Amino acid sequence: MNKSLTDRIRTLQTASAALEPDSLVRRAAFEQVARHSESFLDELATRKAYISEQHHWDWINGQPGEEPGSMAAALDWVKANVDRNGIDTASGRDLGYIPGGGQYFSALGDYIADVSNRYSGVAYASPGATYLEKSLIRWFAGVIGFPEDTGGDLTSGGSIANLIAIVSARDAKEIQPDNISRSVVYLGVLTHHCVDKALRIAGLGCCEKRIIPIDTFYRMDAGALEKAIIADRKAGLNPWLVIASAGNVDAGAIDPLPEIACLAQKHGLWMHTDGAYGALFMLCETGRARLKGIEQSDSIVMDPHKTLFLPYGSGIVLVKSEAAQHRAHAYDAAYLADTKNSGVENVLDPSSLSPELTRPFRGMRLWLPLKLAGVSAFRSALEEKLLLAQYAYQKLAEVSGFELGPKPDLSVVTFRYIPEYGDANEFNIRLLDATRDDGRIFLSSTTVNGKMWIRFAIVVFRTHLDDIDLALDIVTHEVKRLEKTD
Ligand SMILES: *Cc1c(COP(=O)(O)O)cnc(C)c1O
């Protein structure tokens with residue numbers, strides 16, 4: 001035996017010992033992290049929702065060093081460089097874009113999943129993890145009104161979930177190089193940009209695209225959709241996919257889902273519904289009434305990291321035909337032959353339903369909060385957000401000078417101030433900037449048909465009546481100030 005070889009191996013083992021902290025070190029580290037997180041949460045209510053100040057970036061200290069560092073120093077660095085700038089997406093006063101939240105039990109779910117590091121990509125490796133995820137897929141299928149044998153996957157977010165649905169649709173409708181250029185996809189003016197990106201990634205960039213106009217409620221015009229499909233059929237083209245929005249980002253408007261479903265069925269199109277923002281409102285009564293028809297989609301996307309308030313990294317795709325989803329993502333590998341058919345009965349490997357092989361055990365971050373807080377807490381929070389939107393809309397309507405966008409279908413309120421003099425778009429850009437300089441709330445904007453709208457996107461579970469009142473106060477105060485200085 002070569003003594004020097006074993007000596008070297010043992011030396012390296014010792015030199016890498018920091019990778020396996022002992023129980024005392026682990027507990028101390030865990031406590032420090034818990035304290036850090038507690039102080040982050042304690043300061044949430046008094047901290048600004050948006051900090052735009054210039055920050056001095058210390059590149060050198062941010063980079064890893066050769067020798068072990070202390071947890072205290074690492075956490076100080078995070079506090080100084082990460083926690084104190086940009087948008088505070090955990091804040092109840094973040095009303096920009098489609099905000100998140102970061103529910104705490106979910107972080108603990110990640111912790112559990114990461115420590116055990118269960119392999120959830122193939123059922124054989126962790127039947128329990130796969131079973132837990134599949135049971136969640138079934139549960140969410142039930143929430144939407146999809147059948148129990150629906151296919152699905154827990155993804156990193158809505159963009160990947162949309163890609164999975166589109167690829168499943170592509171193969172089910174047999175869109176191939178010889179027919180791509182005469183195959184037609186129908187999108188709305190306000191369809192999320194990740195859908196177009198997914199089409200390009202899926203090799204469908206040269207499909208014909210019809211951008212269907214919106215009506216006065218910012219919903220897809222179903223009449224225009226039907227006309228377009230009929231005209232394309234007449235022209236010998238192949239209409240195959242329609243993308244509906246169940247809550248667009250701009251105004252939260254829900255496309256006319258029953259009408260679109262009816263057209264899709266009549267003309268043989270796959271109906272995909274992007275409900276990344278809105279579909280989870282199916283958990284509350286008002287949401288269910290507004291989202292009627294969603295169950296007729298062939299596939300659907302929802303984002304628990306938006307409307308289930310989880311930390312970022314959680315999307316869901318449901319595909320009614322699991323066979324279609326499987327066909328588009330199945331694979332074979334000699335080195336994985338021994339993993340086949342040895343997991344959970346009647347459950348396909350998640351890796352055969354998505355582009356991912358190895359993936360985080362995402363089920364835990366979704367399952368733990370639902371188990372611990374209970375579903376009814378989520379239902380109530382979602383219903384509360386819908387009512388807060390209604391409240392904000394009514395309040396803004398009472399202030400003279402404000403023009404309101406369409407009455408919110410969900411929890412996005414759009415408004416703009418019409419100044420006595422000057423260009424309204426320009427004024428509202430300045431108004432938005434003024435709210436960002438203030439920083440106690442964070443708002444964003446959109447432009448539809450040339451009109452710039454400021455938005456309240458009420459999605460964070462921590463957003464309550466007081467936060468909306470504060471947002472209304474800040475907006476009306478800044479309007480007065482800007483009107484005076486003009
Ligand atoms: C957020 C969103 C997406 C994209 O999802 P990510 O989770 O950000 O990848 C797609 N569509 C809609 C309607 C969204 O709100």
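Some notes on this structure:
- Conditions (1) part of a strand (DSSP E or B); (2) at positive phi; number of the one not met by residue 422: (1)
- Of the candidates 90, 107, the single residue that is surrounded by 15 or more Cβ atoms within 10 Å (Cβ to Cβ), under 17 Å from the mean Cα position of the chain (by Cα) and assigned to a helix (DSSP H, G or I) is 107.
- If you check 410, 382, 387 for being within 20 Å of residue 254 (Cα to Cα), assigned to a loop (DSSP other than H, G, I, E, B) and either at pLDDT 95 or above or within 23 Å of the chain's Cα centre (by Cα) (or both), only one passes: 410.
- Those strands (runs of 3 or more DSSP E) lying entirely in region 128-247 with at least 1 residues acidic (Asp, Glu): 151-155, 208-212
- Whether a residue is under 30 Å from residue 103 (Cα atoms), surrounded by 21 or more Cβ atoms within 10 Å (Cβ to Cβ) and of a type in the set (Ser, Thr, Tyr) was assessed, and residue 446 does not pass this test.
- Within region 249-274, being under 30 Å from residue 444 (Cα atoms) and out of contact with any Ser or Thr (no Cβ under 9 Å at 6 or more places or on another chain) holds for one residue alone: 256.
- Test: residue in region 228-245 that is more than 16 Å from the ligand (Cβ to nearest atom) and aromatic (Phe, Trp, Tyr): yes
- Test for residue 168: is it of a type in the set (S, T, N, Q), in contact with a strand residue (DSSP E or B) (Cβ under 9 Å, 6 or more places away or on another chain), more than 23 Å from residue 447 (Cβ to Cβ) and crowded, with 20+ Cβ neighbours inside 10 Å: yes
- The residue of region 246-262 that is farthest from the ligand (Cβ to nearest atom), among those that are farther than 16 Å from residue 228 by Cα and among the β-branched types (Val, Ile, Thr), is 254.
- Selection count where residues are under 20 Å from the mean Cα position of the chain (by Cα) and farther than 24 Å from residue 326 by Cβ, scope region 190-210: 5
- Scan of region 385-403 for residues that are among the acidic types (Asp, Glu) and surrounded by 14 or more Cβ atoms within 10 Å (Cβ to Cβ), ordered by number: 403
The values are calculated or read from the model by the stated rules, or taken from the named source; none is laboratory data. Keep in mind that this is a model prediction, so the values were computed, not measured. Virtual Cβ from ideal backbone geometry, glycine too; neighbours counted across all protein chains shown.
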